[in-house]
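The values are calculated or read from the model by the stated rules, or taken from the named source; none is laboratory data. Please read these numbers as outputs of a predicted model, since none were measured by experiment. Glycine gets a Cβ as well: all are built from the backbone with ideal geometry, and neighbour counts include every protein chain shown. Areas reflect the complete protein model, heavy atoms only, side chains present, ligands, DNA and RNA absent. Shrake-Rupley method; radii C 1.70, N 1.55, O 1.52, S 1.80 Å.
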Amino acid sequence: MPAAAARVVLVTGVSRFLGARVANTLQAEPGIERVIGVDTVPPEPAPGLSLGRTEFVRVDIRTPSIANIIASAGVDTVVHLNLVTSSSVPRAKVKEFNVIGTMQLLAACQRSPDMRKLVVRSSAAVYGSSPMDPAVFTEQDEPVEAPTSGYAKDAVEVEGYVRGLMRRRSDLTVSMLRFANFLGPDVDSPLSRYLHLPVVPTVLGFDPRLQFVHEDDGVEVLRRMTVEEHPGCFNVAGDGVLLLSQALRRAGRPYVPVPSPSISVLGDMGRRFAGLSGFSPELLRWLTYGRVIDTTALENELSWRPKYSSEAAFADFAGAQGFGHGRLTSLFGRP
């Protein structure tokens, strides 16, 4: 058994699809004795998904109470998935969850003598989106234009605090995962809500290259990082890229190219029709310039390739949503 084998695992953000699925998967691992799921609200029952023997504890990780749970349960592994990306939550509250919550959690990890391993969900959004970006980002690349707002900036700050913990607790095995945008049948995100708009706005003059990671592949990567030893920072995405125009065409979604400043008007439509509270600056930049990340390091580290390419992840998502297929025509009558 590895020196840092997980026995008592705490999963944050367990009320959302990723946290619930990861906890559900980890509880089936024979070497794991306990899985403790924490969040501010209980997870809602979902078809085919149950927390099973995962012990749910209602706690706000922004408070010192999280340290009591880690200490009293003898938690040796923390899987931190509580990166809030929703644009429907007030920005100040999102930042508190993402940054203040992470600070409290990492402080608790630092103080616990039982802690051996930390797995952190980050985001490829830390690279930003810029017209001057490299064709492909590796883990060593710095953003051309660092994110200045939203969850992307939060992710940058979270990674900084994680690196600080690594300096103070060099005995910990720390795996930091920069995920591309999740897609799959169960994903509810700003991206999935954007694709559900009655008319999907695109930025006039731009056709960004996009990458996705299927929820099944994301869960498998998190499982492997939890039960095995893979310290480091890794990009996570499905193979290949998909242009936004290709994605919309394959989903049969009606769209309209509009100047960038006008997208906010259609974003307001999304508040009524798709629950999308406008367009965040980071989403708008991504829909303008796109982003592609290199996943060679992860594939070499795990000797593994994702089951779903970016194209296949999008197809599975589109099929589950019942999107139409066939020739796509813009509102201006051009394919």
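Descriptive notes on the structure:
- At an R0 of 25 angstrom, the distance between the Cβ atoms of Leu243 and Val199 translates into a FRET efficiency of 0.85.
- Kirkwood hydrodynamic radius of the range 64-173, from the reciprocal of the average inverse Cα-Cα distance over all distinct pairs: 15.1 Å.
- Building the convex hull from the alpha-carbon atoms of the chain and averaging its projection over directions returns 16.2 nm².
- Calculated FRET efficiency, Glu157 to Lys93, Cβ-Cβ distance, R0 = 22 Å: about 0.90 to the nearest 0.05.
- For the chain, the longest principal axis of the C-alpha atoms and the axis of helix 215-227 are separated by about 20°.
- Solvent-accessible area per residue in the range 5-121 equals 41 Å², computed with a 1.4 angstrom probe and all protein chains kept.
- As a calculated quantity, the FRET efficiency between Arg224 and Ser170 at R0 = 35 Å, using C-beta atoms, amounts to about 0.95.
- For Ile100, the accessible surface of its heavy atoms amounts to roughly 80 Å² (probe 1.4 Å, protein chains only, rounded to the nearest 10).
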